[in-house]
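To keep things clear, I will list the structure first and then write my remarks on it.
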Amino acid sequence: VLGPACNIKRSPLCGRNFEYLSEDPYLSSKMAKGHILGTQSQGIGTSIKHFLANNQEDRRMTVDTIVDERTLREIYLASFEEAICEAKPWTVMCSYNRLNGQYLSDNKRMLTDILRDEWQYSGIVVSDWGAVNDRTAGVVAGMDLEMPASSGINDRRVIEAVRHGEVTEAAVDVMVGRILDLVYRSLDNLKPDATVDLVAHHNRARELAAQCAVLLKNEGPVLPLRPGQQVAIIGAFAENPRYQGGGSSHINPTRITRAIHEIRKVSPDATFAPGFVLTSDRIDTVLVEEAVANAKAAGTAVIFAGLPDHYESEGYDRKHINLPPNQNDLIAAVTKVCRQVVVVLANGSPVAMPWINAVSAVLEGYLPGQAGGGAITDVLFGKVNPSGKLAETFPLRLEDNPSFLDFPGFNDRVEYREGLHVGYRYYDKRNVDVLFPFGHGLSYTSFAFSDLQVSHATITDQDLVEVSVTVENTGRVAGSEVVQLYLAYPETTVARVPQELKGFAKVPLAAGEKKTIQLTLNSRSFSYYDVPLASWLLENGPVEIRVGASSRDISLTTTAVIKNTRLSKVVFTLNSTRYDLLRHPIANPVFAPFYAQMGSLAAAIGQSKDDEKTAEAPLLETADLIAPPIADEEAVLPEENPFGTLFEEMEKQLPLRALVLLSGGQLPVDLIQSMLDQVNATIAISQT
């Protein structure tokens, strides 16, 4: 199976967002892992894709994606990492694009150094269809299988490269061996007598689609509808559903359920008017008038709206996030005559909703598959209590999206200037209002959170941290809540996002029932990627553990303290003498308080030449880079600090060059320069 596709939803405009899983790398990798484990448990291989940073369709065959190392690690690689490391897909599909100047099919660092050496991946790498740039370079890089076949052209090039010593025969043997392993694994899993119950599978698809629907709004509440209720069904999608995305993802359904047919099984007197045509954006006044009349007569209208096939597909990106104008016009017209209007959406990625304040309810069905018509009916009439949550933010405007100024780039180059601030990370950082936040989703019942507990008050890099919380169904019907856990760092000295999803669990509850659930956090949960050290590190200091129903519906918060035990000392060299500031602090007690406040090494993150520190840099900006605290041996400090808050205020603005003067020469110029060299380039760390 050529999936799952777990590229990050960087922009709502990406034409393949309907295939991708989330704007959040943790959630994306978790969902991809589940997809892979489930599929491969049946002896069917998966091909996780598109590796890597393939977040647009515009110029996808040639575009050079420019991503800084920390963003690459924490966002784009992280979206694949857990799924590959823990679920072990049979194949990894490399993407078309270039990454920082090099095509992925030739990229040894991505395909071998990271994928195979760091992540210990042992399966094959297959190219996206037509993605091979240089087949010979691909063999060296670790790209095993070219798709589609080149009728022997590239095979002959590889043979010639071996004959001329450009590629070793051993490298080809390794590649061929991996392909044969896949062949034998596939043969071992053949089930020649396999049968399938198509009806049972269709019914299961209906159950899953209903669970995935997201109730975005429900005033009144107008939903669920009552069986037999007089209702006007409006919208061409009710009769001709859009149930899958466009392009190579197309599959042949075994059957199709249409919403209007399923609704009439529950409410036989439901009327229907198409309201618009799917093949044109033109407003048809005759169709609109018919729909308005039906809605006015019924008193309750359900409008099936969304993006037609030609609005989003593989191969091209969207130009905006609007629904077709004939659909927006229809919804506006109906809301003027009908007090209860429900909008059901069929779309693969966020859309703007200029009518949001005029409608009573919005049900996001996404692209629900062949049984979607029945699934949506089950939710509308309360047979299923919706429990889906948004895996992406719905912005109010496209202009609010963090990638707006840099999507899709220019002249075969796109720069990810938003860095770590993708999706909700950006909206939270800028405190931007959104249409619907990441993690949002309503229910026909209500839930309450209580008793948040954390197993460790002090967290080290060796700890597994258990977080428990009690969830209660405080409503009158059974339902499921998705508990979401976010981490935030209120006193960070490292550039970090406001909060990150690091745990979630779906909890089914009967009316009035309570359950206590546990979520486990490990060292990686709290870590950031330190570029100079090429390592995942914990930053010393407090961490907020937040639990709630969405990224902007946090119910409970508690705080723990992180203490990194990996860093044992920091040394620097001055005039051929090695100094250890932790074991041999400068003797002058006046400066001991500075060393005491020198935090963790974490602030070295993302240092680039543009960020290089000079003697003009305030002490506060560099102190954390010079001497992290240590668990086994601390600097000797005076019992009392007679200078009170003086140093606290001075360090906010005191440039390093001033230390030479203020120390009376006890801190010489060359020592300050050595500190700067240490900050900018030459920190040597010995690990415990």
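The values are calculated or read from the model by the stated rules, or taken from the named source; none is laboratory data. Computed from a predicted model, the values in this text were never measured in an experiment. Reconstructed Cβ throughout: ideal geometry from the backbone, glycine too, with neighbour counts over all protein chains shown. Remember, those area values only see protein heavy atoms, side chains included, never the ligands or the DNA or RNA. Shrake-Rupley method; radii C 1.70, N 1.55, O 1.52, S 1.80 Å.
Among the residues in region 110-119, are any assigned to a loop (DSSP other than H, G, I, E, B), over 16 Å from Arg524 (Cβ atoms) and open to solvent by 10 Å² or more (accessible area, probe 1.4 Å)? Looking through region 110-119, none of the residues is assigned to a loop (DSSP other than H, G, I, E, B), over 16 Å from Arg524 (Cβ atoms) and open to solvent by 10 Å² or more (accessible area, probe 1.4 Å).
Taking region 189-216 as the range and being touching a residue at least 60 places away in the same chain (Cβ under 8 Å), open to solvent by 50 Å² or more (accessible area, probe 1.4 Å) and not hydrophobic (A, V, I, L, M, F, W, C) as the test, the residues that pass are Asn189, Lys191, Asn203, Arg206, Glu207, Gln211.
Of the residues that make up region 183-199, is at least one assigned to a helix (DSSP H, G or I) and either of a type in the set (Phe, Trp, Tyr) or touching an Asp or Glu at 6+ places or on another chain (Cβ under 6 Å) (or both)? Yes, region 183-199 has at least one match. I'd like to verify a number: residues in region 90-108 that are open to solvent by 20 Å² or more (accessible area, probe 1.4 Å) and in contact with a strand residue (DSSP E or B) (Cβ under 8 Å, 6 or more places away or on another chain), how many? Going through region 90-108 one residue at a time, the tally reaches 4. Remark: pairs (first residue in region 281-310, assigned to a strand (DSSP E or B); second residue open to solvent by 40 Å² or more (accessible area, probe 1.4 Å); Cβ separation under 6 Å; 6+ apart in sequence or on different chains) = Thr300/Gln340. Residues of region 161-188 that are open to solvent by 60 Å² or more (accessible area, probe 1.4 Å), within 19 Å of Asp144 (Cβ to Cβ) and of a type in the set (Lys, Arg): Arg185 alone.
Annotation: Gly306 fulfils all but one of (1) closer than 24 Å to His320 by Cβ; (2) surrounded by fewer than 22 Cβ atoms within 10 Å (Cβ to Cβ); (3) modelled with pLDDT of 95 or more; the unmet one is (2). Scan region 253-280 for residues that are among the acidic types (Asp, Glu) and surrounded by 16 or more Cβ atoms within 10 Å (Cβ to Cβ) and the total you get is 1. Screening Val167, Val139 for residues that are outside any helix (DSSP H, G or I) and hydrophobic (A, V, I, L, M, F, W, C) leaves exactly one candidate, Val167.
Scanning region 324-367 for residues that are among the β-branched types (Val, Ile, Thr), over 27 Å from Tyr424 (Cβ atoms) and open to solvent by 10 Å² or more (accessible area, probe 1.4 Å) returns Thr335, Val337.
Kindly indicate whether any position in region 509-528 is hydrophobic (A, V, I, L, M, F, W, C), within 20 Å of Ile75 (Cβ to Cβ), touching a helix residue (DSSP H, G or I) at 6+ places or on another chain (Cβ under 6 Å) and open to solvent by less than 70 Å² (accessible area, probe 1.4 Å). No, region 509-528 contains no residue that is hydrophobic (A, V, I, L, M, F, W, C), within 20 Å of Ile75 (Cβ to Cβ), touching a helix residue (DSSP H, G or I) at 6+ places or on another chain (Cβ under 6 Å) and open to solvent by less than 70 Å² (accessible area, probe 1.4 Å). Of the listed requirements (1) open to solvent by less than 20 Å² (accessible area, probe 1.4 Å); (2) farther than 30 Å from Asn97 by Cα, Leu452 misses just one: (1).
Looking only at region 313-323, decide whether some residue is in contact with a Ser or Thr (Cβ under 7 Å, 6 or more places away or on another chain), in contact (Cβ under 8 Å) with a residue 12 or more places away in the chain, open to solvent by less than 10 Å² (accessible area, probe 1.4 Å) and not basic (Lys, Arg).
If we filter region 313-323 for residues that are in contact with a Ser or Thr (Cβ under 7 Å, 6 or more places away or on another chain), which is where we start, we get 314.
Okay, now just the ones that are also in contact (Cβ under 8 Å) with a residue 12 or more places away in the chain, so 314.
Subset that is open to solvent by less than 10 Å² (accessible area, probe 1.4 Å): none.
Scanning region 313-323, I find no residue that is in contact with a Ser or Thr (Cβ under 7 Å, 6 or more places away or on another chain), in contact (Cβ under 8 Å) with a residue 12 or more places away in the chain, open to solvent by less than 10 Å² (accessible area, probe 1.4 Å) and not basic (Lys, Arg), so the answer is no.
Scanning region 374-433 for residues that are farther than 23 Å from Gly101 by Cα, polar (S, T, N, Q) and in a loop (DSSP other than H, G, I, E, B) returns Asn385, Ser387, Thr393, Asn401, Asn431. Residues in region 529-555 that are open to solvent by 40 Å² or more (accessible area, probe 1.4 Å) and out of contact with any helix residue (DSSP H, G or I) (no Cβ under 9 Å at 6 or more places or on another chain): Glu544, Arg546, Asp553, Ile554, Ser555. Answer yes or no: is there a residue in region 127-135 that is touching a strand residue (DSSP E or B) at 6+ places or on another chain (Cβ under 9 Å), in contact (Cβ under 8 Å) with a residue 40 or more places away in the chain, among the acidic types (Asp, Glu) and surrounded by 17 or more Cβ atoms within 10 Å (Cβ to Cβ). Scanning region 127-135, I find at least one residue that is touching a strand residue (DSSP E or B) at 6+ places or on another chain (Cβ under 9 Å), in contact (Cβ under 8 Å) with a residue 40 or more places away in the chain, among the acidic types (Asp, Glu) and surrounded by 17 or more Cβ atoms within 10 Å (Cβ to Cβ), so the answer is yes. Can you spot a residue in region 213-236 that is under 13 Å from Gly369 (Cα atoms) and either among the basic types (Lys, Arg) or assigned to a strand (DSSP E or B) (or both)? Looking through region 213-236, none of the residues is under 13 Å from Gly369 (Cα atoms) and either among the basic types (Lys, Arg) or assigned to a strand (DSSP E or B) (or both).
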